[in-house]
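Asker: Please find one structure pasted underneath; my questions will follow.
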Amino acid sequence: MTINDLQTVHRSAVLLRQGKYVQAEPLLLETLEARLRADHPSNLVLALNNLAARYYMQQKYAQAEPYLVKALEVSRRELGEEHPHRLQAFGNLAAVYSSLGKRDKAEAMHKEELQLCRKVHGEKHPTTLMAMNSLGVVYRLQGKYALAEPILLKALKASYGASGAMHPNTLAILTSLGDLYNAQSKYVQAETFFVEALVGCRQTLSVEHPDALAVMNKLGAVHDAQKKYDRAEPLYVERLQLLRRRPTKDSSEIAGALDSLGKFYLKQAKYVEAEKVLRESLKIREKSLPGDWLVFESKSLLGAALGGQKRFPDAEVLLLSGYEGLKSRKELIPATSTASVPDALKRVIHLYEAWDKKDKAALWRKKAAAAN
């Protein structure tokens, strides 16, 4: 590999760590092309892993998958079962399968990954601890909370000892524990872990780092669930402001933050405030992701905001378009967002009930019953 290639690798890795995914992609593609030309297996696998990470961090899981499958294929053939780049690809592909809803497949891969990490690195190595974290996350997503809790607590204790309280791996495990307790509606415990993770992310990474922004959103949701609205709203608003002030703005992240704030306002029946942020979200998504399921999610949410203001005809257009668009794209919706379709259907029913169109409300209730 040339000096220029190595410099490109370094620049792309720095940009990924800073969460500057849009800037990182051309450098990653340039690196991948160079490594394909060089035909160096180790470098090629690393490039494939890095490019897949770029897509994964933007929740483009289907785009990440083929790069990781290729990375596993090359590493198994050229580098051996226990090579670090292969272990990285193994864990990344398992995470992609989990995000795509292939949880049983992800669990099996994470178990094998953990065994390999223990064999290669030992029980308390950071790589092994992150493999434990990944397995705990899959258990949580499967509803296997009794299996998830001990492995995550064990990983956290070991990470405190091996890496310290402010290490990114420790912060990741803290966040996983917060997610675990949040999934069980144990909001007090979840809040404790999210607060510690957020403080650590802001000190160790940066206020604007994607991990810090993600934890900020999770903590806001936990406050929201406890009806601590005065604590939740500032977190949602600050996250949106931080995303807006980035030199290179990621419109998809801004739209997601707008949706989170819009949903927060809808729950409190602040329909005018919800309309403002949800209109902006829809505008962004129609421009940057035309035809994507997220466009129709935004339409459905905006329709709910208009319905709450009794602007029923305009709300109906958006709610019906939102539901039909989500329904027709059901197979493309990530496993973490499968509630989008039934939620959109509920909004249609609520519209007709509020509009006093009893026949239409009854018809849509039948559709909901049939869908269940």
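Asker: When you go through A190, A183, A106, A146 one by one, which is the residue that is out of contact with any Cys (no Cβ under 6 Å at 6 or more places or on another chain), within 20 Å of L72 (Cβ to Cβ) and not assigned by TED's automatic domain parsing to the domain that holds Q88?
Answerer: Numbers: A190 fails: within 20 Å of L72 (Cβ to Cβ); A183 fails: within 20 Å of L72 (Cβ to Cβ); A146 fails: within 20 Å of L72 (Cβ to Cβ).
None of the other options fit; the residue is A106.
Asker: Further question: From the set of residues in region 41-60 that are modelled with pLDDT under 80 and not in a helix (DSSP H, G or I), which is nearest to the chain's Cα centre (by Cα)?
Answerer: Here the residue is Q59.
Asker: Filtering region 170-225 down to residues that are among the hydrophobic types (A, V, I, L, M, F, W, C) and not in a helix (DSSP H, G or I), which residue is farthest from A155 (Cα to Cα)? Steps first, answer last, please.
Answerer: Of region 170-225, the ones among the hydrophobic types (A, V, I, L, M, F, W, C) are 171-174, 177, 180, 183, 188, 190, 193-195, 197-199, 201, 205, 207, 212-216, 219, 221-222, 225.
If we keep only those that are not in a helix (DSSP H, G or I) as well, we get 205, 207.
Working: L205: 21, V207: 25 Å.
Here the answer is V207.
Yes or no, residue by residue, for (1) surrounded by fewer than 17 Cβ atoms within 10 Å (Cβ to Cβ); (2) in contact (Cβ under 8 Å) with a residue 24 or more places away in the chain; (3) of a type in the set (A, V, I, L, M, F, W, C):
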position	(1), (2), (3)
V195	yes, yes, yes
G200	no, yes, no
A212	no, no, yes
L219	no, yes, yes
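Asker: Given the options L318, L258, L266, name the one that is closer than 21 Å to A221 by Cβ and either in contact (Cβ under 8 Å) with a residue 60 or more places away in the chain or surrounded by 24 or more Cβ atoms within 10 Å (Cβ to Cβ) (or both).
Answerer: None of the others qualify; the one that does is L258.
Asker: Among the residues of region 71-83 satisfying the criterion of being buried (at least 17 other Cβ atoms within 10 Å of the Cβ) and in contact with a Leu (Cβ under 8 Å, 6 or more places away or on another chain), which is farthest from N43 (Cα to Cα)?
Answerer: L72
Asker: Could you pull out every one of the helices (runs of 4 or more DSSP H) wholly within region 242-319 that has 2 or more residues that are in the same structural domain as A335 (by TED's automatic domain parsing)? So that I can check it myself, show each step before the final result.
Answerer: Values: elements: 251-267, 271-288, 293-308.
Helices (runs of 4 or more DSSP H) meeting the threshold: 271-288, 293-308.
Asker: Still on this model: Which residues, taken from region 41-61, are without any contact (Cβ under 8 Å) to a residue 40 or more places away in the chain and under 21 Å from S337 (Cα atoms)?
Answerer: A53, R54, Y55, K60
Asker: So for region 158-170 (the condition being closer than 20 Å to P334 by Cβ and crowded, with 18+ Cβ neighbours inside 10 Å), does at least one residue qualify?
Answerer: Step one: of region 158-170, the residues closer than 20 Å to P334 by Cβ are none.
Looking through region 158-170, none of the residues is closer than 20 Å to P334 by Cβ and crowded, with 18+ Cβ neighbours inside 10 Å.
Asker: What's the number of the only condition in (1) under 27 Å from A221 (Cα atoms); (2) touching a residue at least 40 places away in the same chain (Cβ under 8 Å); (3) surrounded by fewer than 24 Cβ atoms within 10 Å (Cβ to Cβ) that G136 fails to meet?
Answerer: If we test G136 against (1) under 27 Å from A221 (Cα atoms); (2) touching a residue at least 40 places away in the same chain (Cβ under 8 Å); (3) surrounded by fewer than 24 Cβ atoms within 10 Å (Cβ to Cβ), just (3) comes out false.
Asker: Can you tell me how many residues in region 330-357 are at pLDDT below 95 and either exposed (fewer than 14 other Cβ atoms within 10 Å of the Cβ) or of a type outside the set (G, A, S) (or both)?
Answerer: 8
Asker: While we're looking at this one, here's another question. Can you tell me which residue is modelled with the highest pLDDT among those in region 282-294 that are of a type in the set (K, R) and surrounded by fewer than 17 Cβ atoms within 10 Å (Cβ to Cβ)? Break it down stepwise before answering.
Answerer: So the first thing to find is which residues in region 282-294 are of a type in the set (K, R), and the list is 283, 285, 287.
With the extra rule that they be surrounded by fewer than 17 Cβ atoms within 10 Å (Cβ to Cβ), the set shrinks to 283, 287.
On the way: K283: 96, K287: 93.
Out of the qualifying residues, it is K283.
Asker: Which of the following residues is surrounded by fewer than 15 Cβ atoms within 10 Å (Cβ to Cβ), in contact (Cβ under 8 Å) with a residue 12 or more places away in the chain and more than 15 Å from the chain's Cα centre (by Cα): R279, R245?
Answerer: Details: R279 fails: surrounded by fewer than 15 Cβ atoms within 10 Å (Cβ to Cβ).
Result: R245 is the single residue among R279, R245 that is surrounded by fewer than 15 Cβ atoms within 10 Å (Cβ to Cβ), in contact (Cβ under 8 Å) with a residue 12 or more places away in the chain and more than 15 Å from the chain's Cα centre (by Cα).
Asker: Mind checking which residues of region 342-357 are over 23 Å from K283 (Cβ atoms) and either assigned to a helix (DSSP H, G or I) or of a type in the set (F, W, Y) (or both)? Working first, answer last.
Answerer: Filtering region 342-357 for residues over 23 Å from K283 (Cβ atoms) gives 342, 345-346, 349-350, 352-357.
Selection gives P342, L345, K346, I349, H350, Y352, E353, A354, W355.
The values are calculated or read from the model by the stated rules, or taken from the named source; none is laboratory data. Because the structure is predicted, anything quoted here is derived from the model rather than measured. Reconstructed Cβ throughout: ideal geometry from the backbone, glycine too, with neighbour counts over all protein chains shown.
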